[in-house]
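Please treat every number below as a calculation from the coordinates, not as lab data. This structure is a prediction, so every number in the text was calculated from the model and none was measured. A quick note on method: Cβ atoms are made from the backbone with ideal geometry, for glycine too, and the neighbour counts reach across all protein chains shown.
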Amino acid sequence: MTSTVFVYGTLKPKLRYYSVAQQGGEFEKEEGFLEGFDLYHLAPENYPALIRGKGKVQGWLYTYKDINKALIHLDELEGIHLSPPEYERVEAIAQPSGKKVWVYLFLNQDRLAKETAIRLEHGIWQPSESAIGTLPKGIE
């Protein structure tokens, strides 16, 4: 089973939900990127959305000792249990390592059509400093 997760937003080191990544147990981290995906910044929510596309997205690979434990926490954060789900977890290949990774794709296409969904051409997400942002659905 794939034991690595690609993170591109609030789960990155020093960001809002890095502590959730740590709840999954011990992991090694390395920088990497995905090709064939597009990244958006959602405002006022102040979190990212990743979809299949044509771009390159920068992020981190977290390789867990116990991926099943980690996925419990990460799936909860990403709202894959909601109806309808906020994100879905799919496999992809990260570069430059060529590792198979889990990654969370945003499902709400209607939300991406709004003018407050900004495509990040450079493929790097950072939180907006002008707003704290609201939490994703299902997160208190």
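Please report Ile118, Ile80 as a ranked list, fewest other C-beta atoms within 10 angstrom at the top and most at the bottom.
Ile118, Ile80
Could you name the aspartates and glutamates in cross-link range of Lys99, using Cα to Cα under 16 Å and dropping any fewer than eight places away on the same chain?
Of all the aspartates and glutamates, those that pass the test against Lys99 - Cα under 16 Å, at least 8 places apart if same chain - are Glu28, Glu30, Glu31, Glu35, Glu91.
Going 7 Å from the Cα of Gln95 in the Cα-to-Cβ direction, what parts of region 43-87 have a backbone nitrogen less than 20 Å from that spot?
Answer for region 43-87: 50-62.
Ser83 to Ala113: FRET efficiency via 1/(1 + (r/R0)^6), r the Cβ-Cβ distance, R0 25 Å, to the nearest 0.05?
0.70
State whether region 64-126 is rounded, prolate or oblate according to the following rule on the C-alpha gyration tensor (a ≥ b ≥ c being the square roots of its eigenvalues): a/c under 1.5 gives rounded; otherwise a/b larger than b/c gives prolate, and the remaining case gives oblate.
Note, shape of region 64-126 comes out oblate.
Rounded to the nearest 500 deg cm²/dmol, what is the calculated helix-only ellipticity per residue at 222 nm for the chain, with -39500 (n - 2.57) per DSSP H run of length n ≥ 4?
That comes out to -4000 deg cm²/dmol.
In the structure displayed, which of Lys14/Lys114; Lys12/Lys56; Lys29/Lys54 lie more than 23 Å apart, Cα to Cα?
In this structure, Lys14/Lys114; Lys29/Lys54 exceed 23 Å between Cα atoms.
Give the relative contact order (percent, whole number) for region 4-119; include only Cα pairs under 8 Å separated by 6+ residues.
For region 4-119, the relative contact order is 31 percent.
Counting other beta carbons within 10 Å of each Cβ, put Asp66, Asp110 in order, fewest first.
In increasing order of surrounding Cβ atoms, one gets Asp110, Asp66.
Within the set of other residues whose C-beta is less than 9 Å from the C-beta of Phe37, count the net charge using Lys and Arg as +1 and Asp and Glu as -1.
Cβ neighbours under 9 Å give a net charge of +1.
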